[in-house]
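What follows is one structure encoded as structure tokens, with my remarks underneath.
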Ligand code: PMP
């Protein structure tokens with residue numbers, strides 16, 4: 001069976017070049033006489049792999065030395081706890097834009113005072129809410145009092161994304177970028193901390209990248225008595241993410257993905273490709289008489305496009321007919337139903353073109 005067009009939300013498509021390289025090195029990593037799976041994380045070979053991965057990420061995303069990069073485990077989900085444990089001294093603000101930001105908010109509530117600064121729940125999370133500064137200050141929210149403001153920049157389930165980052169004033173912005181990491185250029189100086197589960201744009205499941213401004217972690221965890229040693233950002237930074245055994249294979253593979261991005265032309269090129277892919281799909285959906293994308297146009301994600309015929313039976317038929325053509329991973333999240341096409345970096349323009357022509361073909365067969 002040939003490789004399919006994989007539109008899964010994560011774990012998701014990886015660049016074929018990367019998989020082939022891994023295949024060629026799996027028995028014997030060049031010069032090591034063993035597989036990367038068999039290496040000590042403290043040996044010279046793995047240390048070089050780790051250093052190359054970090055250096056490559058710093059180059060592609062232009063991350064200066066004032067930010068620390070951590071490669072941790074436990075998924076983005078464990079960061080929902082790590083963030084308040086490290087940064088929540090008094091009060092934090094959360095913007096609710098879907099399931100994951102809500103989970104992050106509920107987790108933070110266990111550790112301190114947390115304000116909801118805006119929520120898209122009233123319209124089913126199908127648009128990104130604006131921060132109403134005037135209303136917030138009337139309600140007594142002062143951004144200078146907030147240890148941080150948390151957002152989920154791209155909402156994998158609802159297919160929405162922040163077109164622009166919110167103005168959080170003095171409060172550092174903390175962003176879950178799991179499903180948009182490395183999909184376009186970004187300015188790290190706008191963030192106090194960003195984190196991403198790697199399994200969408202950056203590698204396999206099991207590695208979580210945390211990029212954090214050094215001054216935010218210098219004092220150690222805000223909740224020192226509660227914070228598990230593993231989740232102490234300062235300690236992890238001091239140990240180069242090797243307080244314990246890291247996910248060696250995951251970091252190796254993420255490093256390969258970073259180099260692939262570099263060889264393709266970096267984040268500028270990723271951004272251009274992703275814009276083109278998303279435009280192609282959303283234009284087809286907007287022109288369709290059968291399919292609709294329910295997301296408010298200015299809030300649409302370039303990474304995850306959700307759509308439906310409005311008829312669950314017909315949606316199921318579409319998903320199964322598409323799979324027969326090798327277009328897979330299109331079933332929408334169980335909370336929403338319908339379809340979702342994830343258009344991460346490793347999903348080619350050709351794959352999206354095939355999906356769009358299948359959408360048109362399926363529609364023409366219905367009338
Ligand atoms: N945040 C976002 C935006 C996600 O898409 C996901 C997973 N799909 C998570 C958090 C949770 O990530 P994990 O499964 O790595 O804990």
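At a glance:
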| read-out | value |
| --- | --- |
| Highest average packing first - 236-244, 250-258, 345-353, 18-26, Cβ atoms within 10 Å | 250-258, 345-353, 236-244, 18-26 |
| Antiparallel %, DSSP beta bridges [both residues in the chain], to 5 | 55 percent |
| q = 0.15, 0.18, 0.26 Å⁻¹: log10 I(q)/I(0) that the Debye formula gives for segment 186-233, counting C-alpha atoms only | -0.52, -0.71, -1.01 |
| Structure-based [θ]222 nm, the chain - -39500 (n - 2.57) summed over DSSP H runs of at least 4, per residue, nearest 500 | -12000 deg cm²/dmol |
| Protection proxy ranking, peptides 303-310, 216-223, average beta carbon neighbours within 10 Å, highest first | 303-310, 216-223 |
| Translational D in µm²/s for segment 11-55 (Stokes-Einstein at 37 °C, 0.692 mPa s, Kirkwood Rh from C-alpha pairs) | 285 µm²/s |
| Two-decimal Rg/Rh across the chain, once Rg and the Kirkwood Rh are taken from alpha-carbon atoms | 0.98 |
| log₁₀ of I(q)/I(0) at q = 0.23 Å⁻¹ - segment 98-194, Debye sum with one point per alpha carbon | -1.47 |
| The chain, relative contact order [Cα under 8 Å, separation at least 6], % | 24 percent |
| Equivalent ellipsoid semi-axes - Cα gyration tensor, segment 58-157, angstrom | 24, 17, 15 |
| Rg [Å, one decimal], Dmax [Å, integer] - segment 132-261, C-alpha atoms | 16.5, 51 |
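Bear in mind these aren't lab numbers, they're just calculated from the coordinates by the rules spelled out. None of these values were measured; they are calculated from a predicted model. Note: ideal-geometry Cβ built from the backbone for every residue, glycine included; neighbour counts use all protein chains shown.
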